[in-house]
1. With a point put 7 Å past each Cα toward its Cβ, work out how far residue 459 is from residue 275 in nm, to one decimal.
2. Quick one: angle between helix 11-23 and the longest Cα principal axis of the chain, in degrees between 0 and 90, rounded to 10, please.
3. So if each residue of separation counts as 0.36 nm, and I subtract the Cα-Cα distance between residue 26 and residue 244, what length gain in nm does that give?
4. Before rounding to the nearest 500, sum -39500 (n - 2.57) across all DSSP H runs of length at least 4 in the chain and divide by the residue total; then give [θ] at 222 nm in deg cm²/dmol.
5. Taking the Cα atoms only, what angle lies between the long axis of helix 583-607 and the longest principal axis of the chain, rounded to 10 degrees?
6. For segment 1-102, what does the equivalent ellipsoid look like in terms of its semi-axes, each the square root of 5 times an eigenvalue of the Cα gyration tensor, given largest first in whole Å?
7. On a C-alpha basis, how far is the centre of segment 368-386 from the centre of segment 258-329 in Å? Whole number, if you could?
8. Working from Cα positions, state the angle (0 to 90°, nearest 10) between the long axis of helix 240-252 and the longest principal axis of the chain.
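The values are calculated or read from the model by the stated rules, or taken from the named source; none is laboratory data. Please read all numbers here as calculations on a predicted model, not as lab measurements. All Cβ positions, glycine included, derive from the backbone under ideal geometry; neighbour counts span all protein chains shown. Heads up: the accessible areas ignore ligands, DNA and RNA and are worked out on the full protein's heavy atoms, side chains in. Shrake-Rupley method; radii C 1.70, N 1.55, O 1.52, S 1.80 Å.
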Amino acid sequence: MATIDLSVTPVREANERLRKYGADGIDVEVLNPDARHHIGVGLTSPINVHIRGSAGYFCGGLTDGPRFLVDNNVGWGVGDNMLNGSIVVNGNASAIPGVAIRGAEIVVKGNIGSRAGQVMKAGTLLACGNASFMAGYMMYGGRLIILGNSGEKVGQDMTGGDIYVAGKIGEMGTDAMLTDLPAKERDEILAFLDKYKIPFTGTFQKIVNAGKKLRYPKTEPRRRAIPFFESFADNSYWNAKVQEDIHIKSQIGRYRIRGYGAARPMPHISDIAFKKDIRIGAMTDPDVLSKVHMKTEVGGRSGANPLKLSMPVMIAPMSYGALSKSAKLALAIASRLSGISENTGEGGMSKEQREEASQLIYQCLAGRLGWNIHDMQKANGLEIYISQGAKPGLGGQLMAKKVTPEIARIRGIPAGIDLRSPSRHPDVLGADDLVIKVEEFREATGYRVPVSVKLGAGRVRDDIKIAWKDGFDFVELDGMQGSTGAAGNEVLEFVGIPTLSAIQEARDALTEVGGLDMPIVLMGGIKDGIDTIKALALGAHAVAVGTSAIIAGGCIACLQCHAGTCVTGIATQDPEHEKRYNIPVEAQNIHHYLESVRWQIAAITHALGYSDPHQVSRDDLVALTPEAAAITRLPYHPEYRERDQDLRRAS
């Protein structure tokens, strides 16, 4: 057995040695842990690790296979997202033990803190003592055994899995209920206790999901929602849009759900223009691409291997689930052909997507859907989803028709439910927690890949300062014009701030703290290379395109992304609809669109007299509306509007 002494060895070095010992099949004893965070994170070998003392946050987190024994207590999130293997804690565990586990066995000999087993998907969490409040909160599957008392709100918002309580049950959580305990299940629990030599002579009560809130009670009638930009044209108060909304809500008794983003008029990047009277098109130098330096690196702020983009453009996060596998593959292929990065979105990484995309960012949502250590180690970048521009402050939604058995398997959730993901990460309650989470991701991947954060534009000034202080390698900042697969219509239209406001607040915040070393990737309604150059001039380092990319790949903008019956085969999991989607053809179409963006960036940069798009600045811009002038503090020149329209027509 090898020995690692944490009194003289930093945790980062200790974890590197643990992985090396694991590869060689050598068991390890860890001395003087002194409640340090991240011990054993990222270990994927079936070795024994004996921790001689107490461990801090995320002990044994993001692992697959090892067997940990902790002599004393553990901090938050023991076994975070552990796949296989086990952790035995001889003392107590703090909050969220067993968070998001997907097969592991975690045994705590003492008491466990609040929200035990939150968003767990498979495996067993055992507390030999008492549990604090909200045990089994939002669990999707697996087994939670409590030999003592359960605490209040047990089973709150659970959608799957089973909770067994031997002691007193406190207040039951929303949509949780007691049910009969089959003899077979009792025998299986007793066998588990015998396995870990836990003496027990009592009885159990079983708690499961009551099934009353797994789906919306009424389905919205199948019809195309009338977008604001169509219905507001007549300027009438009781217009068609208002009448339609009232009628539908009278039928379903709740808010309406749709896809895409905000449709009502609001300030946007199209409300600013270039000062210089530039002409592109037939008069553009045919060799302009060779005369403008387009290559852009993103993500090297903390020493990780940065993403190397052929131009300052990425594909925005869109999940497999919201989109079909075919659509995701077309985006991955197009990203590779154009030399830029793709993003998994919140639904996990597919093998085919990883094979097709040359650079892939792997996104982590609060529900840890499809999240695991092996795909983390395959990724070129990791991203923590806090929120998105279409619904800032809220988690993702995926309607039951899209939650097929395959999607459920990848995400680790029950099939056929209306999935409403948590609005906040279980282990991030503030900026200090977020720092520890970022470090956990870096430990798990050996500090090789950049870690970014996706922020929906809300309190941008505060959020950006936190992101900079917490050490993120870059921020993907998403304005109100960003789209989604499903969200409440009122949230889409009236929550958040426009993309134009978001980039201005972000730059102001970074300037205040001296943080301009952290790149901003702007998204939310970016249509083309003209918008890209304007975004760079306003302070972004790159942009990400989502809606425009799927329109290039065949989307007809019917706003029915949530329904699961997309006629183009893009926003569906129905095989009959998806087979209409021609992956090679649409991948080429998206690639051609991206190449047109590249040409526009180069042509405008060259016409403005620069050799690199990052040289364009605020000094090259004017505002076309009073609102845009007030937001950006650019000079107000409405007479430039016709010139800007000519530029778009010419390009």
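1. 3.7 nm
2. Tilt relative to the chain: about 70 degrees.
3. 71.8 nm
4. On the way: 19 runs with 187 residues, N = 651.
Counting only the DSSP helices, I get -8500 deg cm²/dmol.
5. Computed tilt is about 60 degrees.
6. Details: eigenvalues 65, 49, 24 Å².
Listed largest to smallest, the semi-axes of segment 1-102 are 18, 16, 11 Å.
7. Here the two parts' Cα centres lie 23 Å apart.
8. 20 degrees
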